[in-house]
Amino acid sequence: MTTYTDRYQSALMNAFGKPKLALVRGEGAHVWDEDGKEYVDFLGGIAVNALGHAHPALVSAVTEQISTLGHISNFFTSGPQVELAEKLLALVPGGAGGKVFFANSGTEANEAAFKLTRKTGRTHLVAAEGAFHGRTLGALALTSKEAYRAPFEPLPGEVTFVPYGDADALAAAVTDETAAIVLEPIQGEAGVVVPPEGYLAAARRIADEHGALLWLDEVQSGMGRTGHWLAHETTGVTADIVTLAKGLGGGFPIGACIGLGRAATLFEPGNHGTTFGGNPVGCAAGLAVVRTIEQDGILEHVTVLGQKLRDGIAADPRVATVEGEGLFVGVVLPEVDTAKVVAAALEAGFILNNATPDRIRLVPPLVVTQDDVEALLAAWPAILDAAQDSSQEQQ
Ligand SMILES: *Cc1c(COP(=O)(O)O)cnc(C)c1O
């Protein structure tokens, strides 16, 4: 019998390589594959499944909405759309007076933000090395990884890349022609890289000195991932643009570009659009995520359990450092091949991610339980042993 992973290769474009598993079902932070094997999911669909798999609040919000009114176009509005926009403005630092544009993904939220920056009349952008902002051409222009960019050049815009976390380099790159500085408050795809304290505040100052916008991409770091609604909340910095996606819909596709202050009103009718963005179902999903995080005290849960996870992972001497906040965790493993760690973990029933050759990223559902975390911590030394053994066998 051929499996879905075999059939995948003859029917789907080879954009992602061969899938590791075909999954059939999920519940909380657990998923099951087509052979019935169970895994604890510390990837959460790449920081997306904030409420885990098949959360009843999300299931019922989406089911009710699509049974009532599923799609209407942006000639019209709906209750969920307005309510979610109001909610997001209440969560984002400096959100009062801001305005929201809804999209369907992170890259689309960033595409909207990119176009918003053009409406300042300037075209120069400053982004960070190691940054990931998405794969559409505009977002890709802001993404630093050469392998992602090179086949698709020329990319739009005049973009200067500076080392992440280096405020002096940022100050040197920004000019009076700069439309915006775009930064992830904590870099996700780079393997959860936390900038030095004061970096975002310096970016804010530099942007203000030159009349540039500060655009924070919270697509991965936002929506409770760090134990705060937004990762930049703790810095005291107010951005001009904040982009969201991943965790926002808890697995239902939705993204948001939030304009604050003068950035709130840069778009006029005709400047930008979307058929699906802001549809009632996506917005109902977003509302269910926000309300469940509020009602179930999930931010506090993320803070407490994240600390336990990070401390436990760091206890193994092969771990150089553990970076991150809440359940946004980067594990630096200089001596162990992280691809082998991921393979050994999968064998042991845990889904992890090798963000880079020496960094494991852990971004489990925010509702991951203490038992799930304890299970990973108990298995962790043996997973590293198995990864090291398989490296030796190859030599
Ligand atoms: C994942 C990600 C994106 C792109 O989101 P997609 O939904 O995959 O388009 C953009 N920015 C950051 C910081 C991300 O982590």
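Annotations for the structure displayed:
- The C-beta contact set for the stretch 123-140 (first residue modelled with pLDDT of 95 or more, second residue away from the ligand (no atom under 11 Å from the Cβ) and among the acidic types (Asp, Glu), distance under 8 angstrom, 6+ apart or interchain) comprises THR123/GLU158; THR123/GLU177; HIS124/GLU158; HIS124/GLU177; LEU125/GLU158.
- Test: HIS210 is surrounded by fewer than 24 Cβ atoms within 10 Å (Cβ to Cβ) and closer than 22 Å to LEU51 by Cβ: no
- Any hit, the stretch 144-152, residues being within 12 Å of the ligand (Cβ to nearest atom) and either touching a helix residue (DSSP H, G or I) at 6+ places or on another chain (Cβ under 8 Å) or not polar (S, T, N, Q) (or both): yes
- Each residue in the stretch 107-137 was checked for being closer than 16 Å to VAL242 by Cβ, open to solvent by 30 Å² or more (accessible area, probe 1.4 Å) and more than 10 Å from the ligand (Cβ to nearest atom), and 1 of them qualify.
- Of all the residues in the stretch 336-363, those that are in a strand (DSSP E or B) and either open to solvent by 40 Å² or more (accessible area, probe 1.4 Å) or aliphatic (A, V, I, L, M) (or both) number 5.
- Scanning the stretch 310-353 for residues that are within 19 Å of ASP41 (Cβ to Cβ) and basic (Lys, Arg) turns up just one, ARG310.
- Inspection of the stretch 199-207 finds a residue satisfying the criterion of being in contact with a Gly (Cβ under 8 Å, 6 or more places away or on another chain) and not assigned by TED's automatic domain parsing to the domain that holds ALA339.
- Residue that is farthest from LEU116 (Cα to Cα), among those in the stretch 180-206 that are crowded, with 24+ Cβ neighbours inside 10 Å and among the small types (Gly, Ala, Ser): GLY188
- Qualifying residue in the stretch 148-159 (condition: over 21 Å from THR321 (Cβ atoms), under 20 Å from the mean Cα position of the chain (by Cα) and at pLDDT 95 or above): yes
- Hey, ALA85 farther than 26 Å from THR143 by Cα, at pLDDT 95 or above, assigned by TED's automatic domain parsing to the domain that holds HIS272 and exposed (fewer than 14 other Cβ atoms within 10 Å of the Cβ) or not: no
- Subset of the stretch 351-395 (residues that are within 30 Å of LEU299 (Cβ to Cβ) and in contact with a Lys or Arg (Cβ under 9 Å, 6 or more places away or on another chain)): ILE351, LEU352, ASN353, ASN354, ALA355, LEU362, VAL363, LEU366, GLN370, VAL373, GLU374, LEU377
- Qualifying position, being of a type in the set (Val, Ile, Thr) and more than 25 Å from GLU184 (Cβ to Cβ), among VAL322, VAL281: VAL281
- Within the set PRO93, PRO80, PRO19, the sole residue that is without any contact (Cβ under 8 Å) to a residue 40 or more places away in the chain, open to solvent by less than 40 Å² (accessible area, probe 1.4 Å) and not aromatic (Phe, Trp, Tyr) turns out to be PRO19.
- Residues in the stretch 195-232 that are within 13 Å of the ligand (Cβ to nearest atom) and not polar (S, T, N, Q): 11 in all.
- Within the stretch 1-47, if we keep just the residues that are assigned to a loop (DSSP other than H, G, I, E, B) and of a type in the set (A, V, I, L, M), the residue that is farthest from GLN220 (Cα to Cα) turns out to be MET1.
- Residues that are part of a loop (DSSP other than H, G, I, E, B) and either within 30 Å of GLY36 (Cβ to Cβ) or out of contact with any Asp or Glu (no Cβ under 9 Å at 6 or more places or on another chain) (or both), drawn from the stretch 315-335: ALA315, ASP316, PRO317, VAL319, GLY326, LEU327
The values are calculated or read from the model by the stated rules, or taken from the named source; none is laboratory data. These figures come from a predicted structure and were not determined experimentally. Cβ: placed from backbone, ideal geometry, glycine included. Neighbour counts: every protein chain shown. Protein only, heavy atoms only, side chains kept; ligands, DNA and RNA dropped before computing areas. Shrake-Rupley method; radii C 1.70, N 1.55, O 1.52, S 1.80 Å.
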